[in-house]
Structures are given as structure tokens and as C-alpha cells.
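The values are calculated or read from the model by the stated rules, or taken from the named source; none is laboratory data. Because the structure is predicted, anything quoted here is derived from the model rather than measured. Cβ: placed from backbone, ideal geometry, glycine included. Neighbour counts: every protein chain shown. Each accessible area value is taken on the protein alone, full model and side chains, heavy atoms only, with ligands, DNA and RNA left out. Shrake-Rupley method; radii C 1.70, N 1.55, O 1.52, S 1.80 Å.
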Amino acid sequence: WIHGVMSMPIETKVARNIRPMEPALETLDTQLGAWGLSTPPLAADLAKAYEQSILYGEHTWGASSPWYGFWNNNIPNRGFLYGAAFEDARAKGLYNKFEASFNDHRAYIRATEAVVAQGLSNRLALLAKNVNVPGKRVVVYNPLPWPRSGLVEVAGRPFYAEDVPANGYRTYTTYATNESHSSDSVLDTPFYRVAFDLRRGGISSLVEKKTGRELVDKSSAYALGQFIHERFSHAQCYAYYNAFATMNNCHNGTVPLDMPADAKYSVTTPRDWQLNIRRLPAADIATLTARDTVGLGKAITIAFTFPAKEPYVETDWRIAGKEADTIPEGGWLCFPFAVAQPRYTVGRLGGPIDLAKDQIPGGNRHLYAVNSGLGITAPDKTGVGLCAMDSPCVSFGEPGLWKYTFDYFPKQPWVFVNLHNNKWRTNYPHWTDGTWNSRVRFWPTGDTA
């Protein structure tokens, strides 16, 4: 039920990011003690954080749907209302018990976040306060067992923290803060020549300066980083059910009852994008804002960050005020890469797999849960790497919701990162609403220069 996690994209993002911080908190706490600084007891709180994190991962996420008898008989099939009827029932509080069950589940990972985030914040403040450097300073801590450099944010601006030692910290007393703005649809960075598409909302060309490689597949109907939204028809839901279900017990999980007869499949994307480029010493940040969100949210932005000292690109999609919709739907970020004769490597829970060789027969080939990242590589070893930092579900070649085949293999080296969906409804939310963001980082691999 891997698609179920994206019915709660906000909390799934929290889980994906806070879990690696649990051992980081314990490491920092141990080090502070070794450095002679006193911290409050951590073991009991950290044990609670681990437990709550595991409970969030368990697959029973909330109340089951009306098919399984959650609703009382006075209002049959209350879970399968649409449009104005759904909005009216929700406003009257008829979903309160249903939604409360999912809030109970959300509370698990929020409890983990509260322990870990507050514990780290307090201990990092203690470390910074006790660094023997006069005046204003920025202290950057690295919990990893190897040295690293990278962007951090200081007072709303990116700052490149260089050569932070393994399991240690480095103190910075000065950094550049000058800033300029531009609205040009082309951008020249230390690593790329970039052209933006203000119609589709994304990057139409991304040329790596070192090699001259174009990383965007120009034949694609999608721009790089473009946001698309799908709505699905009754026929598509039934086709998925008939391909997937081997026993007649999953009907309600995949086919919403009483769908409107006029529900048609559609793909939409916001229109008329406005571009603003912030040029800073540490990075260039190009932000696209949709003037017309086509009803998908109150505000939608897509920001692309181009670090000055590292050749990756980070995409940050943000939506504000997405409204609840019980029609089957899903959102995606599109990454149509240009890689010849691609080989696909996917970082799964037990390690990387090759899509062409390592998949077990009988499994669906349209949607994958990615634990770490993925690579798409040409025979000459050039290609791209990608890490969806906040969203674990991806498809290759085409968006993969409500599709199920045993022999599908992508025809194009295009990656689609799922932002949300309401596909599996047995005990997952039937709708997604609210305000959240999702980040995706990608970079060129190999070298033909």
C-alpha cells in the first residue's frame, strides 16, 4: 500500500526528514557531554520518539471506509460524497469522527518531531553559545562520520558552510549578504545555462557548462520541475481494480463508490507563471509563481536553487490552500531528463536495484517507494541522480497512479515524483488538503569532458 503514505504528504515529509535526526540528536548529546557541557536527560524522550515514529509507519492509519461499516445506517455511504454534497456534509461535522482517527495517526510523527526538533534546537544553541569566539558567529554542526560542505540558511539567506569536520562543527564569523534581483527568463550560473518556461512553469533547457550536455529532454511535453495534477475516471479506477485484485476484498480501496458519472480523466497544470531570480553569493534562487492556479490551490510556487559551489539543482514546490477533493486525484513534479539508452537504479529499503534485472515477477511496475535516491545512466556512464527529499513515491516514464501491469518498462528517462494522492481508501484519508511543500534535488553524473 505504498501509495497510501502520500494521502498524508505533510506528515510523510516530517517522517522522512525527522527520522535521520534521531541518531543525530543522540550523537550531539553525547558529544556535548564529552566537551564538558551539561544537558538534560535524553534517553526516555528519545525512546518515545523512536516508538512514535514506528507507530506512524504502521499501515493502519485511521478509520476504515463506509464499505467496512464505519458509518451508521442513518447516513449510508457518507464517505462517498463529492463536490458540494461532500463540502456540505463536512461543514456540518459529519466527518469529524473519521478525521479525528487520522489526526490520532498524525500525532505519532508529530510527537517524534517535537522531541527531536526541540532537543536538537536546544543543544545546538548550547553549543553555539559556548564556542569560544567573540562577537556574532554562525556555528554549523555536522553529525555525519565524514566531513562535508553544503548550504545552510542564515537569516533567510543561503550560506555555504565549507569543510565542516566529521562529527564536529565549524564557526564562521563573516559571510557575504549582497543580493540582486532579475526577472529574465534565462540564467547563467557557475555550472549551468538555464532557460525557464513561463507557460508550463519549469525549466525548458538546462545545459551543463562543463560538458555541454543538455539535461532536459526537449521532445517531452513536460518542462523540468513542472507541476501537473491528475483527476481520474470511474473506468480507470475499475480497470486498476480488475488488474490488481486477486480476491474480491479490495473493491473499496481502489474504486470509490457512487462516483459522478461525468468524472473524466484530466491533466492540468497552473498557467501564466511569473519569475523572480534572487542572485546571492552562495546561490541563485529562481522562483516561479503561478498567476492562475486553475483552482488547484490558493497559491502555487516552484523555486529552483542553483548553488554557487556545487552542481546540483534543488526544486522546492509549494502549495497553499489546497482544497479537499474526494474525486480520485494525484499531483506530480515532472523531470523529463535527456539520457540515451538509460539504465535505472533505484535505492530501495534493502539496497539499490536495477529496474531491468532485479524486480520480482508479479509486482506492479508503475509506482515505486524510494528509500534514498535514484540514478539514470547512459552506457557512457553519464546521466543524472535524483533524490526526492520529502516524497518517497516515484514513477518512471509516465505518472503511475491507477495503473497496474507486470511487464511495464519506461520508454523515456523521465521521473515523476508523487506529491499527494487519495488512491487507497480502506483506512487512509479520502482527500488531501492544506499547505505544504516538497523538495527534489538532482545533479549530473559522469563526465564526458
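Separation of the range 1-24 and the range 100-128 by C-alpha centroid, Å? The range 1-24 and the range 100-128 have Cα centres separated by 13 Å.
Give me the aspartates and glutamates in straight-line cross-link reach of Lys97: C-alpha distance below 17 Å, same-chain residues under 8 apart excluded. Counting by Cα, and skipping residues close in sequence, Lys97 has these aspartates and glutamates nearby: Glu87, Asp88. Each peptide among 155-164, 390-399, 38-47 gets the average number of other Cβ atoms lying within 10 Å of its residues, and from highest to lowest they stand as 390-399, 155-164, 38-47. Only Cα pairs under 8 Å and 6+ residues apart enter the sum, and on that basis the relative contact order of the range 157-244 stands at 15 percent. Taking amide H as placed 1.01 Å from N in the peptide plane, the amide H of Arg348 sits under 5 Å from that of Ile353, Asn371, each at least 5 places away or on another chain. Summing +1 for each Lys or Arg and -1 for each Asp or Glu among the other residues whose beta-carbon sits under 13 angstrom from that of Tyr344 gives +3.
The coefficient of translational diffusion for the chain, derived via Stokes-Einstein from the alpha carbon Kirkwood radius under 37 °C and 0.692 mPa s, stands at 137 µm²/s.
Per-residue packing, averaged as other Cβ atoms within 10 Å, sorts the ranges 233-239, 197-203, 365-371, 124-130 into the order 197-203, 365-371, 233-239, 124-130, beginning with the highest. Computed over neighbours whose Cβ is under 11 Å from that of Ala47, the net charge equals -3, Lys and Arg +1, Asp and Glu -1. Taking a ≥ b ≥ c as the square roots of the eigenvalues of the Cα gyration tensor, an a/c ratio of 1.5 or more together with a/b larger than b/c marks the range 163-232 as prolate.
Computed on the chain, with alpha-carbon pairs under 8 angstrom and 6+ residues apart, the relative contact order is 18 percent. For every helix of n ≥ 4 consecutive DSSP H residues, a contribution of -39,500 (n - 2.57) applies; sum these over the chain, divide by its total residues, and give [θ] at 222 nm rounded to the nearest 500 deg cm²/dmol. The helix contribution divided over the chain gives -7000 deg cm²/dmol. When the chain is described by a simple charge dipole with +1 on each Lys and Arg Cβ and -1 on each Asp and Glu Cβ, the residue from Asn242, Trp317, Ile285 located farthest towards its positive end is Ile285. Global dimensions of the range 216-348 from alpha-carbon coordinates: Rg and Dmax equal 19.0, 60 Å. When all alpha carbon pairs of the range 257-324 are counted in 5 Å bins from zero, the resulting P(r) reads 4, 15, 18, 18, 13, 12, 8, 5, 3, 2, 1, 0 %.
Scaling the Cα radius of gyration of the range 83-174 by the globular reference 2.2 N^0.38 Å produces a ratio of 1.76.
Among the listed pairs Lys218/Lys309; Lys210/Lys411; Lys357/Lys411; Lys92/Lys423; Lys264/Lys403; Lys210/Lys309, which have their C-alpha atoms separated by more than 19 angstrom in this model?
In this structure, Lys218/Lys309; Lys210/Lys411; Lys92/Lys423 lie more than 19 Å apart at Cα.
Computed from the Cα positions only, the extents of the range 145-261 along the three principal axes stand at 64, 39, 30 Å, in decreasing order. Counting only lysines at least 8 places from Lys298 when in the same chain, those with an alpha carbon closer than 22 Å to its own are Lys13, Lys322. Among Thr174, Thr287, Thr301, which one moves the most in a GNM of the chain with springs linking Cα atoms closer than 10 Å? Answer for the Gaussian network model of the chain: Thr174. Summed over all non-identical Cα pairs, the Kirkwood treatment of the range 357-407 gives a radius of 12.5 Å.
Here the range 1-68 exposes an accessible surface that is 62 percent carbon and sulfur, computed with a 1.4 Å probe and the other protein chains kept in place.
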